[in-house]
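S.K.: Structure incoming, see below.
Please treat every number below as a calculation from the coordinates, not as lab data. Since the structure is predicted, the reported quantities are computational estimates derived from the model, not experimental observations. Every residue, glycine among them, receives a Cβ derived from its backbone with ideal geometry; neighbour counts consider all protein chains shown.
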Amino acid sequence: MDPRIPRLRRKLAAIPYRPRRSHSFGEERHKFSLGPRPAEARIAAFETGHGIVLPDAYRQFLTHLGGSGAAPFYGLLPLERCSLLVINPRREPGAPRGFERAGRAAHERDLFLHIIEMGCTDVCVIALTGPLSGRVLTGNGDGFWGPDVSSATDFLDWYERWLDHMGAGCDNRALELTSPRLRARSDRPGTALRSLDSDYDDHL
C-alpha cells in the first residue's frame with residue numbers, strides 16, 4: 001500500500017471539522033464521504049473490458065480508500081460511470097481542445113478516463129496512456145477552455161493538494177476552493193466572487 005494512503009484517510013476525516021477551511025465546490029453532494037471500495041476482481045474486469053491499465057496511484061485510492069464520493073468538484077465517479085475519452089484534434093495553434101468518447105480506434109491515440117464530475121460539459125480526467133500518463137487534467141468537452149494539466153505528479157498527490165489547500169483556507173480556482181475570507185467578501189452586496197490562485201501551470 002502506498003504510504004500516502006493512511007495520511008489521506010486521516011486528512012479527509014478531519015477536513016469537515018476544520019473551522020477555517022475553504023469551501024470546496026460540490027461538497028454539499030458528497031459531504032466528504034467515500035463510497036465502498038470496489039473489489040480487486042471488479043477493477044480487473046473493468047481494465048480488461050476496456051483494454052486499459054489504471055494508473056497505480058488512482059488504483060490504490062480505489063482499493064484502499066473508496067470507489068466514489070469525496071473529491072474535488074462533485075466527487076469521484078464510481079467505475080461503472082467512468083468513460084474513456086480522447087482529446088479532439090487541434091484545430092489551430094493555441095486553440096482549446098475538447099474531449100470526446102473514445103471510439104474503436106481510440107487506442108491509437110492517448111486515452112483519458114473521466115473520473116470526477118464537474119458539471120455541465122466540463123470534465124476531470126486522468127491520463128491512461130501517453131506522456132501525461134497518471135496525471136490529472138481538467139477541461140471542457142466542447143473545447144470552450146483547457147485542457148489544463150495539474151502539476152501534481154499523480155492522483156494521490158493531486159488529491160492531497162486538494163485537502164491541504166482546503167485545510168489551509170486557500171483560494172484555488174483550479175480546484176474550485178474558496179477561502180472563508182473571500183466567501184465573506186462575496187456575501188456583501190455588489191461584490192463578485194472570484195478565485196485568486198491556480199495550481200495548474202502546464203498546458204497541452
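S.K.: Nearest 20 debye, what's the magnitude of the dipole of the chain about its Cα centre given +1 on Lys and Arg Cβ and -1 on Asp and Glu Cβ?
M.R.: That gives the chain a dipole magnitude of about 700 debye.
S.K.: Please give, to one decimal in nm, the separation of the simple spin-label points placed at R97 and A44, each 7 Å out from Cα toward the Cβ.
M.R.: Each label point is offset 7 Å from its Cα along the Cβ direction, giving 3.5 nm.
S.K.: Along the positive direction of the dipole of the chain (beta-carbon charges: Lys, Arg +1; Asp, Glu -1; about the Cα centre), which of G146, P16, L132 reaches farthest?
M.R.: Result: P16, furthest along the dipole toward the positive end.
S.K.: Out of the trypsin sites (Lys or Arg not before Pro) in the stretch 9-113, which ones are loop residues according to DSSP with at most 13 other C-beta atoms within 10 Å?
M.R.: On the way: sites: R9, R10, K11, R20, R21, R29, K31, R42, R59, R81, R90, R91, R97, R101, R104, R109; in loops: R20, R21, K31, R90, R91, R97, R104, R109.
Taking the stretch 9-113 and a limit of 13 other Cβ atoms within 10 Å, the loop trypsin sites (Lys or Arg not before Pro) found are R20, K31, R90, R91, R104.
S.K.: Next question. Counting only Cα atoms, I'd like the Rg/Rh figure for the chain, Kirkwood definition for Rh.
M.R.: In the chain, Rg relative to Rh is 0.97.
S.K.: Quick check: residue separation of R173 and E160 times 0.36 nm, minus the Cα distance between them. What number comes out in nm? The partial results should precede the final answer.
M.R.: On the way: separation 13, 0.36 × 13 = 4.68 nm, distance 1.60 nm.
Gain on extension, R173 to E160, equals 3.1 nm.
S.K.: What shape does the stretch 141-190 have by the C-alpha gyration tensor, where a ≥ b ≥ c are the square roots of the eigenvalues, rounded means a/c under 1.5, and otherwise prolate means a/b greater than b/c and oblate the rest?
M.R.: oblate
S.K.: Another question, then. Would you calculate a helix-derived [θ] at 222 nm for the chain, using -39,500 (n - 2.57) for each DSSP H run of n ≥ 4 and dividing by the full residue count, to the nearest 500?
M.R.: -7500 deg cm²/dmol
S.K.: Which of rounded, prolate, oblate describes the stretch 5-93, given a ≥ b ≥ c as roots of the alpha-carbon gyration tensor eigenvalues and a/c under 1.5 marking rounded, otherwise prolate only if a/b is larger than b/c?
M.R.: The shape class here is oblate.
S.K.: Could you tell me which of A168, A102, A39 has its Cα farthest along the dipole of the chain towards the positive end, charges placed at Cβ (Lys, Arg +1; Asp, Glu -1), taken about the Cα centre?
M.R.: A168
S.K.: Which FRET efficiency value, to the nearest 0.05, do you get for R29 and V53 by plugging their Cβ-Cβ distance into 1/(1 + (r/R0)^6) with R0 = 35 Å?
M.R.: Values: r = 29 Å, r/R0 = 0.84.
Plugging the Cβ-Cβ distance into 1/(1 + (r/R0)^6) gives 0.75.
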